[in-house]
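So the structure is just underneath, and the comments pick up after that.
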Amino acid sequence: MSDIKKIKDEFLLKLKENLDSNQVNQIKTDLFGKNGVISSKFKQLGKVAEQERKKFASDLNSVKDELQNLITSKINDIETKEINQKLEKEKIDITLPERPFVQGKIHPVSQVIDEISSIFSEIGFSVKEGPDIENEYNNFTALNTPDNHPARDMHDTFYLDEKKELLLRTHTSPVQIRTMLNDKPPFKIIAPGRTYRSDSDQTHTPMFHQVEGLHIDKDINMGHLKGCLNYFIKEFFEVDKIKMRFRPSHFPFTEPSAEVDIGYEIKDGKIVIGEGDKWLEILGCGMVHPNVLKNVKVNPDKFQGYAFGIGIDRLAMLKYGINDLRAFFDCDYRWLNHFGFDPIDVPTNYRGLSR
Ligand code: DAH
């Protein structure tokens, strides 16, 4: 039996077995690879005696064709089999009902933070953030809060260590300190975020939200503060006219200090802002105390300005008629579906702040 015939028989036998695609490919390499059996035979062609060369070449070519065709059809068969198996396994049952489509809602607090940021950015405020875990210095001392101030008391402040050096910030005012320590005046920022106090009833939760405002420049006075807050309240409640009053108050970090009330009345069981003879306190504010400026290395003889702190949750309750603060943080989807906002409706002053 000739060599070529032997090769043919041997490989025909191999290819008859039940092979997977890796095994077929291996056979292909064994035959036609660089050092494959058939390839080597072709290399011998020159050494074959001249009178036999023609026959040798033609036999070799026909064995090569035969084996090649067989391999190709084997590979085709294997691929078809694999596809069919896959199709069998991955059958789609189009009679099944579709999955329900659930669209999330924006929480009223997030919505109100977006609204507030949008309103203040219209008049040149940028938005800053600070961490929930603060140090005692930023939260109290730098803000000119004396050592014996009641706010430092354990009952109000969640301290995180024995030495009372770390705490959950009790207000957003430490962002004033962080901003002024990190930058040079002028400053014109708001800082919304979470705040914490040991307090819990229908109108107080241990975690709540505030937005801080700070505007420091060479000649900022209380008139600017009034104008700014007047603009903000009108924009926020989307009314043309408001009643606003400044009541003298005390904060360690401002002098003079004031609390701001807005006028409202109840009509058909709903709160109407800007009319009536009832007053509602919504924020604290004042001219930044020179000691605070000194603490952050800003010269109080050159720079001055105002600051304010607003309770965000209270604003959200008022604007959207929600009467129990605790529901804000219960994580009840039914509540969120009712009071939440469409994610597509990002508030802007131009497109409308609320639905
Ligand atoms: N930090 C005060 C609070 O939590 C609110 C406040 C009052 C902030 C007056 C201010 C301010 O910036 O000037 O009660």
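The values are calculated or read from the model by the stated rules, or taken from the named source; none is laboratory data. Since the structure is predicted, the reported quantities are computational estimates derived from the model, not experimental observations. Quick reminder, even Gly has a Cβ in these numbers, built from the backbone with ideal geometry, and neighbours come from all protein chains shown. Just so you know, the surface numbers come from the protein's heavy atoms only, side chains and all, with ligands and any DNA or RNA stripped out. Shrake-Rupley method; radii C 1.70, N 1.55, O 1.52, S 1.80 Å.
Here are some notes:
- Residues within the range 228-244 that are over 32 Å from the mean Cα position of the chain (by Cα) and away from the ligand (no atom under 16 Å from the Cβ), tallied: 4
- Some residue of the range 297-316 being away from the ligand (no atom under 16 Å from the Cβ) and under 16 Å from GLU115 (Cβ atoms): yes
- Meets criteria (under 31 Å from the mean Cα position of the chain (by Cα) and either part of a helix (DSSP H, G or I) or among the acidic types (Asp, Glu) (or both)) for PHE120: yes
- Yes/no for SER110 being within 16 Å of the ligand (Cβ to nearest atom) and either within 30 Å of LYS234 (Cα to Cα) or of a type in the set (Asp, Glu) (or both): no
- Taking every residue in the range 70-89 that is within 15 Å of VAL24 (Cα to Cα) and pairing it with any residue that is among the β-branched types (Val, Ile, Thr) and part of a helix (DSSP H, G or I), at least 6 positions away or on another chain, the pairs with Cβ-Cβ distances below 7 Å are ILE71/VAL24; ILE71/ILE27; LYS74/VAL24; ILE75/VAL24; ILE78/VAL24.
- One residue stands out in the range 148-157 among those that are within 16 Å of the ligand (Cβ to nearest atom) and open to solvent by 30 Å² or more (accessible area, probe 1.4 Å): the one that is nearest to the chain's Cα centre (by Cα), namely ASP156.
- Restricting the search to strands (runs of 3 or more DSSP E) fully inside the range 158-227 and requiring at least 2 residues that are open to solvent by less than 10 Å² (accessible area, probe 1.4 Å), touching a residue at least 24 places away in the same chain (Cβ under 8 Å) and more than 14 Å from GLN304 (Cα to Cα) gives 187-196, 207-217.
- Remark: GLN210 falls outside the filter, which requires a residue to be within 24 Å of ASN323 (Cα to Cα) and in contact with a Leu (Cβ under 8 Å, 6 or more places away or on another chain).
- If the condition is being within 11 Å of the ligand (Cβ to nearest atom) and either more than 18 Å from GLY213 (Cα to Cα) or assigned to a loop (DSSP other than H, G, I, E, B) (or both), then the range 251-296 contributes PRO252, PHE253, HIS289.
- Taking the conditions (1) closer than 21 Å to ILE190 by Cα; (2) open to solvent by 30 Å² or more (accessible area, probe 1.4 Å); (3) out of contact with any Ser or Thr (no Cβ under 7 Å at 6 or more places or on another chain) in turn, GLY269 satisfies each one other than (1).
- Output for the range 228-250, where each listed residue is part of a strand (DSSP E or B) and either of a type in the set (Gly, Ala, Ser) or touching a Lys or Arg at 6+ places or on another chain (Cβ under 6 Å) (or both): SER249
- ASN349 satisfies every condition listed in (1) at pLDDT 90 or above; (2) more than 16 Å from the ligand (Cβ to nearest atom); (3) touching an Asp or Glu at 6+ places or on another chain (Cβ under 7 Å); (4) closer than 27 Å to MET222 by Cβ except (1).
- Total residues in the range 1-24, condition closer than 15 Å to LEU70 by Cβ and in contact (Cβ under 8 Å) with a residue 40 or more places away in the chain: 8
Per-residue answers, yes or no, for (1) more than 28 Å from SER121 (Cα to Cα); (2) touching a Gly at 6+ places or on another chain (Cβ under 8 Å):
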{"position": "GLU162", "(1), (2)": "yes, no"}
{"position": "ILE177", "(1), (2)": "no, no"}
{"position": "GLY193", "(1), (2)": "no, yes"}
{"position": "GLU212", "(1), (2)": "no, yes"}
{"position": "ARG245", "(1), (2)": "no, yes"}
{"position": "PRO256", "(1), (2)": "no, yes"}
{"position": "GLU259", "(1), (2)": "no, yes"}
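- Number of the exception - VAL109 against (1) farther than 30 Å from GLY193 by Cα; (2) in contact (Cβ under 8 Å) with a residue 40 or more places away in the chain; (3) open to solvent by less than 40 Å² (accessible area, probe 1.4 Å); (4) assigned to a helix (DSSP H, G or I): (1)
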